[in-house]
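The values are calculated or read from the model by the stated rules, or taken from the named source; none is laboratory data. On a predicted model such as this, the values are computed, not experimentally measured, just so you know. When we count neighbours, we look across all protein chains shown, and the Cβ atoms used for this are built from the backbone with ideal geometry, even at glycine. Ligands, DNA and RNA are stripped out before the accessible areas are found, and what is left, the full protein with its side chains, is counted by its heavy atoms. Shrake-Rupley method; radii C 1.70, N 1.55, O 1.52, S 1.80 Å.
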Amino acid sequence: MEPVLERCRAWLKEKAYEGAVEPEEAIAARPLLPREALGEGDAIRHDYPLRKGREFLLEAAFRGARGQAFTERPVHWTGTVRDLDTLDLGKDEERALFVASLNAVTKALGLVNNTVHCRNESLNRCASRVGERLKEKLGAGENLLIVGYQPAFIEAAAAALGPERVRVVDLDTANIGRTVFGVPVADGQKDLGKLLEEARFALVTGSSLVNGTYGNLEKRLQSAGLPFVLFGTSAAAAALLLGIERWCLESE
């Protein structure tokens, strides 16, 4: 179970107690088609895991606001705010449902923005802006660690810093061992410790909140003294509640 999400659930209970949300208010969630999540046309990259059917973007709706979470186990679901309290956060599909729903609720309450994934040309603009930020963030010779396979970010980081200064880890065996834009993709379990020692800054996928790895990852980053930011729509509400910086530069 992900302790961070239990903290988020306690926060949601408090909001219900305060009357900011009503326990019986409806929430609905469904997985988006790739074209709904990313857009269509020549501007859309073909190397995103979403395009290959290896992951899905789950979208929840609450009071007309939308929240999202990447997951490998998408579900169709309708329920209420009260039902979120009974979800089993030890299960991948129910973590994804909770994260997407929490993002929708916090968006509806006006507490967060950027909860809907960017589409079409915005995808490339986001990667380009991330590359620019990385050049400003890292000094000469300092290395970047990207936790989670995001090909556009890997390409932008390699272009901005040079591939020799970029480290990438992932948990998907289909990605581990590949070289992408001159950057080897290492094993997120076996190789993380070594790469934490080599890096001076980390970009961490918000999907780590959904797959249940965030809590342990945060401890290891803190133990290594490595500053990091979360990226993506999945981390919208959690980043707010944890007080962690999040980069999601072209989302809605």
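Summary table
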| read-out | value |
| --- | --- |
| Near pairs, Cβ below 7 angstrom, 6+ apart or cross-chain, from the range 94-114 (under 11 Å from T233 (Cα atoms) and in contact (Cβ under 8 Å) with a residue 24 or more places away in the chain) to any residue that is aromatic (F, W, Y) and open to solvent by less than 10 Å² (accessible area, probe 1.4 Å) | A104/F62 |
| Selection count where residues are assigned to a helix (DSSP H, G or I), open to solvent by less than 20 Å² (accessible area, probe 1.4 Å) and out of contact with any helix residue (DSSP H, G or I) (no Cβ under 6 Å at 6 or more places or on another chain), scope the range 192-208 | 3 |
| Where L145 falls short, out of the listed (1) surrounded by 22 or more Cβ atoms within 10 Å (Cβ to Cβ); (2) assigned to a loop (DSSP other than H, G, I, E, B) | (2) |
| Test: residue in the range 15-33 that is at positive phi and surrounded by 13 or more Cβ atoms within 10 Å (Cβ to Cβ) | no |
| Those residues of the range 228-243 which are out of contact with any helix residue (DSSP H, G or I) (no Cβ under 8 Å at 6 or more places or on another chain) and either open to solvent by 10 Å² or more (accessible area, probe 1.4 Å) or over 16 Å from R129 (Cα atoms) (or both), in sequence order | G243 |
| Filter result (under 17 Å from L50 (Cα atoms) and either surrounded by 24 or more Cβ atoms within 10 Å (Cβ to Cβ) or touching a helix residue (DSSP H, G or I) at 6+ places or on another chain (Cβ under 8 Å) (or both)) within the range 68-93 | Q68, A69, F70, T71, E72, R73, P74, V75 |
| The range 94-135, subset over 16 Å from Q150 (Cα atoms) and β-branched (V, I, T), residue surrounded by the most Cβ atoms within 10 Å (Cβ to Cβ) | V99 |
| Tally, over the range 58-67, of residues that are surrounded by fewer than 18 Cβ atoms within 10 Å (Cβ to Cβ) and of a type in the set (D, E, K, R) | 1 |
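Here's the yes/no breakdown for (1) touching a residue at least 40 places away in the same chain (Cβ under 8 Å); (2) closer than 25 Å to L38 by Cα; (3) open to solvent by 20 Å² or more (accessible area, probe 1.4 Å):
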residue: G141; (1), (2), (3): no, no, yes
residue: F153; (1), (2), (3): yes, yes, no
residue: R167; (1), (2), (3): no, no, yes
residue: I176; (1), (2), (3): no, yes, yes
residue: F181; (1), (2), (3): no, yes, yes
residue: K190; (1), (2), (3): no, no, yes
residue: V210; (1), (2), (3): yes, yes, no
residue: K219; (1), (2), (3): no, no, yes
